[in-house]
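The values are calculated or read from the model by the stated rules, or taken from the named source; none is laboratory data. Fair warning: this is a prediction, and the values are worked out from it, not measured in the lab. Glycine also receives a Cβ, built like all others from the backbone with ideal geometry; neighbour counts cover every protein chain displayed.
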Amino acid sequence: MRSITLSQAVNEAIAEEMRRDPTVIILGEDVAEAGTPFKVLSGLVEEFGTDRVIDTPISEPGFTGIAVGAAMTGLRPIVDLMFGDFLYLVMDQLCNQAAKTHYMSGGKLTVPMVLRTNLGATRRSAAQHSQSLHALVAHIPGLKVAMPSSAYEAKGLMKTAIRDNNPVVIFEDKLMYQDKAPVPEEEFLIPFGEAKVHQAGDDITLIATSSMVQVAQAAARLLAAQNISAEVIDPRTIAPLDCSTLIESVKKTSRAIVIDEGHQQYGVTAEIASVIAHDAFYYLDAPVHRMGAMDVPVPFSPVLEDLTVPTPDRVVEQAKKLMRGVREHVA
Amino acid sequence: MSHEVLMPQLGMAQNSAIIVSWNKTVGEPVTEGELLLEVETDKAVMEVESRHNGFVTAILSGAGSDVPIGDVIAMISASADDAVVVTKQTDPSTAAQKTTDAAVAASSATISIKSTQKNNADTAPAQTDTALNNNHTILASPKAKRLAYERGVDLQRLIESGAVPPFHAADIPRSSDQLTGSDQVIAMLQATVDLTGIQDFIEWSNEGNGANKGEGESSSSLSTQQMLAAFCASGMPSISSGNGITLRVTDHLDVVRYWMVGGTGLSAVVQVDNAAHWDIDIIDLSQTMIVDYLPATGPSSITRQVTLVVCSDPSASQQSVNLRLYFPASSMSTIAAANWLQGIAKRCVNPLLQLI
């Protein structure tokens, strides 16, 4: 199977869906000739023209609001939000309008909109361009949240998102755009709410999202060298969340570490850990451990920035503690 | 002044609960609010605290008993001298009275452990505890507690065996047998009866006045053993088969007879040559120098046998014997067993009751 970059996979997914469905359009800053700062959309304006690949002024609330209205009236807009950090600017359009319209119109209106944006630190982009804010969005009922962990997931989830009749937010890790992975040439879709078991194991479950799946896989390899068998699971969408796959895995392994690049406090790790603690309680042999980004603004100093995110070494360290039964949780 | 301790209602849809362990033994002082026992409902073990100050003067249901809600399980009295139920180790003179003296010999290992545990308890107020192990102060992972519960492992005994908490799944033995050899709890009840009544009845019956008149040679010689078999078969709780009751009787140490009891009348008691299975094992030691016999405990099925030991009472008259009923605590409740033994004892004193 051929390997393509995550960036190419997103590009392919959008191009295929735009060919398939003429109502699919793109809106955003520098999406046309520039093809976005990460060059993800390069070539699309040449094929589909400026009527469907629309450069907008620098006004996130403005073009997101336009997209919500366009979605209500029959189009399937893809909003390109250059940095995930700009989500704060579009909160009303996304959370008050897009998320609630279907419900408040009694089902008469739908908002089949995709908002694609990114997350991830360690790109030396400082505190306002390095945040991972997916938990903020996943908190809102009415929004779906997909988090591709490779080029394969990026393509399959994007195509599903575009065809979904609900507003979907896709977070791509901005450090993964050049990462290659095998992606079939034939068409495929990845259904929402279906976790993927990347690697089966018996001793501990590592649940990881987005680029943290790579961290978990690296940790699993290190653990295997120490005779600890780790199972790596990628939920792929955090809303909806595939609880049963996670629970079944933890029932088997009795231990879990949840790894996510969002801030740890009140984050995705907390939600997943609580699901496990509740539904797999009598199978747990150790507390569910959470590893998120440090609860600080992302530092500009590279040395400090690297300390704020989970790494394979730190996952291994925690996994070994859980295996030993270190009583970190009791007085 | 005595207070009854009743099996409490601990859940909405709950008819009975199993006694996990007693924190007190008979004769021990107890204060209001102190942990008295632990009971198990559906999936949870809960603590029951004393509601009175005083002394535990009776424990009527041993560990392992499944007791209906509202049944009396113990007595608490103002004075330790009020003991109405004595354990096996106490002064035998109290057994001389012609009432059913009950004794509950629950697993002594469990009781001694419970009492050492009490000594270092922080006298925290007893509370409803939904933890799966039988002591909420022992640290263990949820999985370890679940496995301990499923495998019948007492975490306190795990500590006594040298293991150090907090416990994890790997610390829990495959079964409680690995830890202690056996968890089988044998309870014992004792009644003292005068057999003069039986002998008078047999004499009267064999003179041609009894129910067996005219039924042939074999039934003319009514024996004490046959009558005891009939008494035992009457009202025995938890009989599995409907095909009557089989008894094995051993007397003079090596004479074994098998009796089938098909009904309540004395003529329904028939001696059979052999039996592969019997419901009650009667060991008659009254004609020997041996004063007691305790059935062996162990994981094999023989320990599930209900055993009645008949032995002479050296402290009483020649015609007086002790009837000791040993039964697995899991096979019947102590109340049911006590009622049963009471029936046997009453019939021994007045055999005519059997005919009513």
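Listing for the model above:
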quantity: Matching residues, the range A:285-297, being modelled with pLDDT of 95 or more and either touching a helix residue (DSSP H, G or I) at 6+ places or on another chain (Cβ under 8 Å) or under 25 Å from B:A140 (Cβ atoms) (or both); calculated: A:V288, A:H289, A:R290, A:M291, A:G292, A:M294
quantity: In the range A:149-174, the residues that are under 25 Å from A:P299 (Cα atoms) and in contact with an Asp or Glu (Cβ under 8 Å, 6 or more places away or on another chain); calculated: A:S149, A:D173
quantity: Meets criteria (surrounded by fewer than 18 Cβ atoms within 10 Å (Cβ to Cβ), over 14 Å from B:I344 (Cβ atoms), assigned by TED's automatic domain parsing to the domain that holds B:S312 and modelled with pLDDT of 80 or more) for B:T250; calculated: yes
quantity: Flag if B:L6 is more than 21 Å from the chain's Cα centre (by Cα), outside the structural domain of B:F327 (by TED's automatic domain parsing) and under 25 Å from B:A336 (Cβ atoms); calculated: no
quantity: Of all residues in the range A:72-90 being hydrophobic (A, V, I, L, M, F, W, C) and part of a loop (DSSP other than H, G, I, E, B), the one that is nearest to A:A127 (Cα to Cα); calculated: A:F83
quantity: Wholly enclosed strands (runs of 3 or more DSSP E) of the range A:157-215 bearing at least 1 residues modelled with pLDDT of 95 or more and surrounded by fewer than 24 Cβ atoms within 10 Å (Cβ to Cβ); calculated: A:180-182, A:196-199
quantity: Selected residue (only one of A:D51, A:D55, A:D30 is without any contact (Cβ under 8 Å) to a residue 40 or more places away in the chain, charged (D, E, K, R) and under 29 Å from A:S125 (Cα atoms)); calculated: A:D55
quantity: Qualifying residue in the range B:57-77 (condition: part of a loop (DSSP other than H, G, I, E, B), at pLDDT below 85 and over 22 Å from the mean Cα position of the chain (by Cα)); calculated: no
quantity: Some residue of the range A:110-118 being outside the structural domain of A:L307 (by TED's automatic domain parsing), in contact with a His (Cβ under 6 Å, 6 or more places away or on another chain), farther than 22 Å from A:Y266 by Cβ and not small (G, A, S); calculated: yes
quantity: Index of the failed condition, A:N227 passing every other in (1) at positive phi; (2) without any contact (Cβ under 8 Å) to a residue 60 or more places away in the chain; (3) surrounded by 23 or more Cβ atoms within 10 Å (Cβ to Cβ); (4) not aromatic (F, W, Y); calculated: (3)
quantity: Matching option when the condition is in contact with a Pro (Cβ under 9 Å, 6 or more places away or on another chain) and within 17 Å of A:I162 (Cα to Cα), among A:V79, A:V111, A:V90, A:V53; calculated: A:V111
quantity: Residue match in the range A:109-121 (condition: under 22 Å from the mean Cα position of the chain (by Cα), closer than 17 Å to A:Y177 by Cα and at pLDDT below 95); calculated: yes
quantity: Subset of the range A:241-275 [within 14 Å of chain B (Cβ to nearest Cβ), touching a residue at least 40 places away in the same chain (Cβ under 8 Å) and part of a helix (DSSP H, G or I)]; calculated: A:V250, A:K252, A:T253
quantity: Filtered residue count, the range B:249-286, keeping only those that are more than 16 Å from B:L323 (Cα to Cα) and assigned to a strand (DSSP E or B); calculated: 11
quantity: Residue count for the range B:153-170, restricted to those that are within 14 Å of chain A (Cβ to nearest Cβ) and assigned to a helix (DSSP H, G or I); calculated: 2
quantity: Every residue from the range B:329-356 that is under 29 Å from B:A17 (Cβ atoms), at pLDDT below 80 and in contact with a Gly (Cβ under 8 Å, 6 or more places away or on another chain); calculated: B:A329, B:S330, B:T334
quantity: Inter-residue pairs, beta-carbon under 6 Å, first within 13 Å of B:I202 (Cβ to Cβ) and in the range B:344-356, second in a helix (DSSP H, G or I) and of a type in the set (V, I, T), 6+ apart; calculated: B:C348/B:I198; B:P351/B:I198
quantity: Where A:I238 falls short, out of the listed (1) surrounded by fewer than 16 Cβ atoms within 10 Å (Cβ to Cβ); (2) in contact (Cβ under 8 Å) with a residue 40 or more places away in the chain; calculated: (1)
quantity: Residue within the range A:283-304 that is crowded, with 18+ Cβ neighbours inside 10 Å, within 14 Å of chain B (Cβ to nearest Cβ) and closer than 14 Å to A:A208 by Cβ present; calculated: yes
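Here's the yes/no breakdown for (1) at pLDDT below 95; (2) outside any loop (DSSP other than H, G, I, E, B); (3) exposed (fewer than 15 other Cβ atoms within 10 Å of the Cβ); (4) under 16 Å from the mean Cα position of the chain (by Cα):
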position	(1), (2), (3), (4)
A:A70	no, yes, no, no
A:D92	no, yes, yes, no
A:C95	no, yes, no, no
A:T101	no, yes, no, no
A:S125	yes, no, no, no
A:S132	no, no, no, yes
